[in-house]
1. Rg/Rh for the stretch B:5-177: what does it come to with C-alpha atoms and Rh from Kirkwood?
2. Determine the residues within the stretch A:81-96 where the difference in accessible area between the chain on its own and the full set of protein chains amounts to at least 30 Å²; count protein heavy atoms only and use a 1.4 Å probe.
3. For the full complex of protein chains and a 1.4 angstrom probe, list B:Ser143, A:Ser142 by accessible area with the highest value first.
4. To the nearest 100 Å², how much accessible surface do chains A and B cover up together, summed over both, with a 1.4 Å probe?
5. Restricting to Cα atoms and excluding each atom paired with itself, what does the Kirkwood estimate give for the stretch B:180-361 in Å?
6. For the stretch A:180-361, what is the accessible area per residue in Å² when the probe is 1.4 Å?
7. Below 15 angstrom from the Cβ of B:Thr9, what's the summed charge of the other residues (Lys, Arg +1; Asp, Glu -1)?
8. Between the label point of A:Leu209 and that of the same position in each other copy, find the distances and list them shortest first in nm, with every label point placed 7 Å from Cα along the Cα-to-C-beta direction.
Protein chains: 2
Amino acid sequence: MANIMRTLTVNLGARSYPIHLGEALLPRAGDLIKQVGCGEKVGIVTNPKVAELYLATVEASLRRSGFHVATVVLPEGEAHKNLDSLATIYDRLIAERFDRSSCIMALGGGVIGDMAGFAAATFLRGIPYVQVPTTLLAQVDSSVGGKTGVNHREGKNLIGVFYQPRLVIIDVDALSTLPTRELVAGLAEVIKYGVIADPKLFGLLEERLDRVLALDRELLVEVIAASCAIKATVVEQDEREQDYRSVLNFGHTVGHALEALTGYTELLHGEAVAIGMVQAATISARQGLCDEKSLSRISGLIEKAGLPTKVPSNVGLKELVWGMEVDKKSIGGKIKFVLCRGIGATEFQRFSAAEIVAQLAA
Amino acid sequence: MANIMRTLTVNLGARSYPIHLGEALLPRAGDLIKQVGCGEKVGIVTNPKVAELYLATVEASLRRSGFHVATVVLPEGEAHKNLDSLATIYDRLIAERFDRSSCIMALGGGVIGDMAGFAAATFLRGIPYVQVPTTLLAQVDSSVGGKTGVNHREGKNLIGVFYQPRLVIIDVDALSTLPTRELVAGLAEVIKYGVIADPKLFGLLEERLDRVLALDRELLVEVIAASCAIKATVVEQDEREQDYRSVLNFGHTVGHALEALTGYTELLHGEAVAIGMVQAATISARQGLCDEKSLSRISGLIEKAGLPTKVPSNVGLKELVWGMEVDKKSIGGKIKFVLCRGIGATEFQRFSAAEIVAQLAA
C-alpha cells in the first residue's frame, strides 16, 4: 500500500506555501525542499533528542539532493528559547558563510520552530526557512502561520516577528517516538480547533480518541489535516493578528499565564492550554454563550484525553490575572478573551482584571 | 518669517508614511506623532549626547500631547549596536508594560535608529515606531526605508529585518550641534544620491558646498529633500532589496568592509563610503562605464567636502576583499558591485574576489 501524502496550501499571495502531510516524509525532505527552490546551503536547527532520532535521515536526504548541510543542535526546552540560543544560531550561519539564498530548517517541536524561524527572519533581514515539526503540537499549530520568536523572562514570545516559512513538512511517523504525555498535550490544540471552528472534528475526537492515541496513521493525517486547514484559513484572513487571528488563542490567555507562573517547567504548553480552555469555556457558560451540555462535552473530552482541567493549587487567582495582564494580548488594561458559543463558534470579549477574578472565583 | 516645513511621502501601500522635513520640528514632535495615531505610551531610545541636547525638548512636547514617556539611554556608538543593547530596550518596554499600540521613537543617529527600529519590529511581533534623526547621515539615509538591525562581530547589520516607520521627523536645526566631521560624513551619502540618480543635486553641491557646510537652512532642506526623495523612490520600487534597491549601496561594498576591518572606530560610516565611492567610480572607469571627467568630478567633490578618498594604508587589498565577501551582498561567491555610468546613472556588475583585487591594484 502506498504511503499517504496530502498537500494543503496556505494562501498568502506572494508568501503562499504548501504543507505536505503524510507518512515517510522525513527521508524525502531533500527532494521536497529542492522543489521550493532554496540555494545550496541548508542549516538544520534541532535539539539533542530529535537529532538522535531523525538527524541522520534528514541530513542524508538533504545531501542526496545536493545540499551543503550545517547543523546547530541547541539544548532542549522552553528555558533555552532565548536571545542566547539565537546568538548561537547566528554565529554558526556566519561561520558557514550563509547568504540570502541559504535556507534554515527547523527540525523539532515548537521551541525549535519558533527560534529557527526567528533566526531566519532576522538573518540578513530574512532568508527562507522550512518547518519540519516532529511533535503533534508543532504539527497542528506552531509550524503553520509564521509566528516566530523567543521568550523574555517576563513572558513567552515577547520578542518575535511574523515570518512565513517556504514549506512545511509534516511526517506523522515522527509521532511514534513522541512520549505519550507530549502527544496528549498536542491533542489539546486539536481539541481547540474542534471547539472554535469544527464540530465534526470535535465529534470525531470524541468517538475515536483511542485510535488517535494508538497512532492510527490514517486518522492522524485526518485530524492533523483538519487542524492545519482551520489554522490556514484563520491565518489567511488575518496574517498579522490585527484582530480575528486571536481566535486561535482560545484557552491561551490563561494558558500562557499558567506557563509563566509555573516557570515553564511544571506544565507542558498543551496542558496549560487544556486548563485554559476549561476556564474559557466556564466563563463562556457564565456569560450565557455556551450551554451546559457543550461545556460538559468540552471538559469531558479534555479529561478523557488525559489532560488537566484545573488551575494548579499552587497558583493563586490574582497572580494568574497579573500574569495575563503582562501577556501581549492585553491592550489598555483590558484583557481580550476568546469565548466559545457552544462547540464550533467563538466570540471576543474584553474583561478587566477584577472581572476575571470575579468570574473565575464564582 | 515662518519656519520651513515640507512633507514627502514614502508610498508603500498600507505601509506608506510621511517624512516631515524643516526647522523647529523637535518641539512639535508630540503633535506630529499624535497625527499618525499611536497609543498612549512612547518609548524614546537615544544616547547620552543626544539626550543632553534634545531630550528635554522632545519629552516635554510628547507630554504636552498627552503621551506617557519612557526613555532608554544607550551608550553611544556602533560598538553598542548589538543584542545586549536590544535586551536593554526589551527589558524597559516590558517593565513599562508597553503593549501593541505603544510606540517607539528613535532620537539620534543611524545606530539609534537601526536598534530602535529593530526593537519595534520584534517587540510583541511589531509595534509602531517613529524616526527622529539628528545627524545628517540618518536624515538622508538610515531613517527612511525601514532597514533595521544590529551588528554581529563579524559584520555590520547581519541581524535585522525590514520594518517601516510610521513617521519620520527631520529637524535641520539638530544639525547645528553636529560635529563638523559628522556633518561632512553625512554629506558623503548626499553626494552618493547625486552620483547614482541626480546630476542636478551633484551640481548644486559642487556650486554651493560652502553654504551647505555653513548650515544654510533653506539649502539644507533642499538637499535633504532631494536625497530623501531619491531614497523613497528606490524603496518604493524594491522595498526588501530583492535587486534594484542595492543601487543605494554605491560605495558601500568597500565601505562596509573598511568599517569592519578597522573595528568600526577609525572611520565614520560616511568616510568609509566616501573611500568606497572613489573605488567604485575607479572600477567603473576601468570598465569603460564612467568617463574620466566624471570620475574626476566625483573624487574632486568628495575631496573638496573634506572626505577621505584612499584606502587606509593599514588595510591590505586581500583583507579588504575578504571583508566584502562576508558582507551580505555576496551571493554564491561573486560580489555584487554598483558601478556608475558617469554622474546620475548606475549599473550592477558581479566580480569574484580575484577580479576585484586585480582592478583595485591596477
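1. On the way: Rg = 14.4 Å, Rh = 15.6 Å.
On the Cα set of the stretch B:5-177, Rg over Rh gives 0.92.
2. SASA drop of 30 Å² or more in the stretch A:81-96: A:Leu83, A:Tyr90, A:Asp91, A:Ile94.
3. Solvent-accessible surface, decreasing: A:Ser142, B:Ser143.
4. Summed over both sides, the interface buries about 3200 Å².
5. Working: mean 1/r = 0.0611 Å⁻¹.
Radius from the Kirkwood sum: 16.4 Å.
6. 38 Å²
7. Numbers: positive: B:Arg6, B:Arg15, B:Arg166, B:Lys231; negative: B:Glu236, B:Glu239.
In short, +2.
8. So the distances to the same position in the other copies read 8.1 nm.
The values are calculated or read from the model by the stated rules, or taken from the named source; none is laboratory data. The structure presented is a predicted model; accordingly, all values stated were derived computationally and were not measured. In this analysis, Cβ positions are derived from the backbone assuming ideal geometry, glycine residues included, and neighbour counts consider all displayed protein chains. Calculation scope for accessible area: heavy atoms of the full protein, side chains included, ligands and nucleic acids excluded. Shrake-Rupley method; radii C 1.70, N 1.55, O 1.52, S 1.80 Å.
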